[in-house]
Amino acid sequence: MNQILPGTLHDATADQLKKVAYKRIATEEAFCPPEMMDIYRGLLDDNSFTDPGFNTMFGFYLNSPSLRSQQIRDYLTDLGDLRLSHMDARGIDMQVIALTSPGVQVMPKEQATSFAAYANDMLSDACKKHPTRFAGLAAVAPHDANNAAKELDRGINKLGLKGAIIHSHTFGEYLDDPKFWPLLEAAEALDTPIYLHPQVPSAKMIEPFLDAGLDGAIYGFGVETGLHLLRLITTGMFDRFPKLQVVVGHLGEALPFWMYRLDYMHRAGVVAKRYERMKPLKGKVSDYLRNNVYVTTSGFAWEPAIKLCQDVLGVERVLYAMDYPYQHDVAEVIATDDLDLSDDVKKMLFQTNAEKVFKL
Ligand code: CA
C-alpha cells in the first residue's frame, strides 16, 4: 500500500506506521447524525438565525463542492465500517467520539435537549456495537441546564458514555454564568469530565477574525475556547466545584504557554481590585490548570508544544487526540509515535491517561 490517504494533507503512508507497545486512543473525534446536518441546513436557510460564525462555517461544510467538505460530510455521519477503516489505516485503536461542533448549542432549548438525547442514543448504540473501538461523550444542552444535568446522568449511568461534550459558548454565554451551574455540579457529582471543545467565536467576538479568515480552527477557535477555560478559572468555578475536571483540546488552547503571565497578572489584578469579578482564588491560575484541566494533542503533532505542556502541567495531564475527520494525517500519528519520550510516558500519552480520565 503506497497511497496518500483520503482527507489528509501530508503524504506519509499507512505502511510507514510502526508496531507500538501501546494502544493509540484518540480522544477528540467527531461525528454528526445526518439529521443534525438537516437541522443545520434549516438554520442556514432561516433568515432570523444570523450567527455569522455558524453561517460561514456551515455555509462551507454543508454547501461547498470542495473535496474536503464532501469528505467531511461523509466521514462525520459514519459510525461504522468507513470510520473503522480510517482508524485502521492510521493505526488508531480507539476513538473517543463526540457530537461535532457546535452540536446542539445553536438549537432552541427544547430542540437542543431532545436532539442531545437522540444523538446520545445513536452514539451509545455504536459504542455498544464496537466496544473495543469506540467510546462516546454525552451531548447536553447547556441552555437547559437542569435537563442537561439529567441527560448527563443518563448518558453516564444508562448509556455507558464517558463524559460530556460542550462546544464552548452557548449563544455567546459562558459556563461561569450561574444559569449553567447545575451542569457543572452534575459533572462533578458524577465524577465525569467535561470536554470543552471549540466552536466559532460568538457574534460579539468574531468580526476582526472573520474579515481576515481567522475565525476557524486556524486561530479563532483557540482564542474563544482558551478564553472560556480561563474565565472558568478566574471566576472561581474550580473553587466552587473543586473536583470538576475539564478536558481541552489543541494543547490547552495556548493557556499552558501563558501560565507564568496568567499567574502574575491575575495576582496584580486581584491586588489592584480593579475588577468586580476578579476576586482572590484559593490557588494560582496555574494550580487550576494543573489540578482541574487535561489537555489533548488534537491537531498538534508538534514536539516542542507537547513537551511544554507535559513540563508545565505534568505528564499525566496530556492525552493524545487526532481530530477526526477534520485532521487525520497518518504523518501526525507517526510524528507523535516518534516523540523523544520514555516508553512509559508515551504509553501514558497515547493510552493510559485516556483510560483513566474517561474510565475506559
Ligand atoms: Ca475537534
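Quick one: would you say LEU227 is out of contact with any helix residue (DSSP H, G or I) (no Cβ under 8 Å at 6 or more places or on another chain), more than 16 Å from the ligand (Cβ to nearest atom) and outside any loop (DSSP other than H, G, I, E, B)?
On the way: out of contact with any helix residue (DSSP H, G or I) (no Cβ under 8 Å at 6 or more places or on another chain): yes; more than 16 Å from the ligand (Cβ to nearest atom): yes; outside any loop (DSSP other than H, G, I, E, B): yes.
Yes: the conditions hold for LEU227.
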Segment 267-281 residues that are exposed (fewer than 13 other Cβ atoms within 10 Å of the Cβ), paired with ones that are part of a helix (DSSP H, G or I) (beta carbon under 7 Å, 6 or more apart): TYR275/GLY269; PRO280/VAL270
Residue match in segment 252-261 (condition: in contact with a Gly (Cβ under 8 Å, 6 or more places away or on another chain), over 21 Å from MET94 (Cα atoms) and of a type in the set (Ser, Thr, Tyr)): no
Complete set of residues in segment 48-72 that are crowded, with 17+ Cβ neighbours inside 10 Å and within 30 Å of ASP125 (Cβ to Cβ): PHE54, MET57, PHE58, TYR61, ILE72
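What residue, of LEU255, LEU319, LEU251, LEU313, is of a type outside the set (Asp, Glu), away from the ligand (no atom under 14 Å from the Cβ), in contact with a strand residue (DSSP E or B) (Cβ under 9 Å, 6 or more places away or on another chain) and under 18 Å from HIS197 (Cβ atoms)? Explain how you work it out, then say what you get.
On the way: LEU319 fails: away from the ligand (no atom under 14 Å from the Cβ); LEU251 fails: away from the ligand (no atom under 14 Å from the Cβ); LEU313 fails: under 18 Å from HIS197 (Cβ atoms).
Every option except LEU255 fails the conditions.
Just wondering, is there one or more residues in segment 142-151 that are aliphatic (A, V, I, L, M) and either within 21 Å of LEU319 (Cβ to Cβ) or within 16 Å of the ligand (Cβ to nearest atom) (or both)? Talk me through it step by step, then tell me what you get.
So the first thing to find is which residues in segment 142-151 are aliphatic (A, V, I, L, M), and the list is 145, 148-149.
Right, trim to either within 21 Å of LEU319 (Cβ to Cβ) or within 16 Å of the ligand (Cβ to nearest atom) (or both) and you get none.
Within segment 142-151, not a single residue is aliphatic (A, V, I, L, M) and either within 21 Å of LEU319 (Cβ to Cβ) or within 16 Å of the ligand (Cβ to nearest atom) (or both).
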Count of segment 159-180 residues which are over 17 Å from ALA98 (Cα atoms) and either in contact with a Leu (Cβ under 8 Å, 6 or more places away or on another chain) or of a type in the set (D, E, K, R) (or both): 6
Pairs where the first residue, in segment 172-198, is more than 19 Å from LYS150 (Cα to Cα) and part of a helix (DSSP H, G or I) and the second is within 16 Å of the ligand (Cβ to nearest atom) and of a type in the set (Asp, Glu), C-beta under 9 Å, 6+ apart: none
Given (1) within 23 Å of MET57 (Cβ to Cβ); (2) under 16 Å from the mean Cα position of the chain (by Cα); (3) within 16 Å of the ligand (Cβ to nearest atom), number of the condition GLY163 does not satisfy: (1)
In segment 272-301, residue farthest from the ligand (Cβ to nearest atom) [restricted to those that are among the aromatic types (Phe, Trp, Tyr) and either at pLDDT 95 or above or closer than 21 Å to THR235 by Cα (or both)]: TYR275
Pairs, first within 25 Å of PHE60 (Cα to Cα) and of a type outside the set (Ser, Thr, Tyr) in segment 320-341, second at pLDDT 95 or above and in a loop (DSSP other than H, G, I, E, B), C-beta under 7 Å, six or more apart: ALA321/GLY249; ALA321/THR297; ALA321/SER298; MET322/ILE92; MET322/SER298; ASP323/SER298; HIS328/MET322
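Which ones in segment 289-306 are part of a helix (DSSP H, G or I) and in contact (Cβ under 8 Å) with a residue 24 or more places away in the chain? Show your work before the answer.
Keep residues of segment 289-306 that are part of a helix (DSSP H, G or I), which gives 289-292, 303-306.
If the condition is that a residue be part of a helix (DSSP H, G or I) and in contact (Cβ under 8 Å) with a residue 24 or more places away in the chain, then LEU289, ARG290, ASN291, ASN292, GLU303, ALA305, ILE306 are the ones that fit.
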Any hit, segment 74-96, residues being without any contact (Cβ under 8 Å) to a residue 40 or more places away in the chain and of a type in the set (S, T, N, Q): yes
Failed condition for PHE60, given (1) in contact (Cβ under 8 Å) with a residue 60 or more places away in the chain; (2) over 20 Å from the mean Cα position of the chain (by Cα); (3) within 16 Å of the ligand (Cβ to nearest atom): (1)
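Residues checked against (1) basic (Lys, Arg); (2) buried (at least 20 other Cβ atoms within 10 Å of the Cβ); (3) within 16 Å of the ligand (Cβ to nearest atom):
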| residue | (1), (2), (3) |
| --- | --- |
| SER168 | no, yes, yes |
| GLU173 | no, no, no |
| PRO178 | no, no, no |
| TRP181 | no, no, no |
| ALA187 | no, yes, no |
| THR192 | no, yes, no |
| LEU196 | no, yes, yes |
| PRO201 | no, yes, yes |
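The values are calculated or read from the model by the stated rules, or taken from the named source; none is laboratory data. This structure is a prediction, so every number in the text was calculated from the model and none was measured. Because the Cβ atoms are built from the backbone with ideal geometry, glycine has one as well, and the counts that use them run over all protein chains shown.
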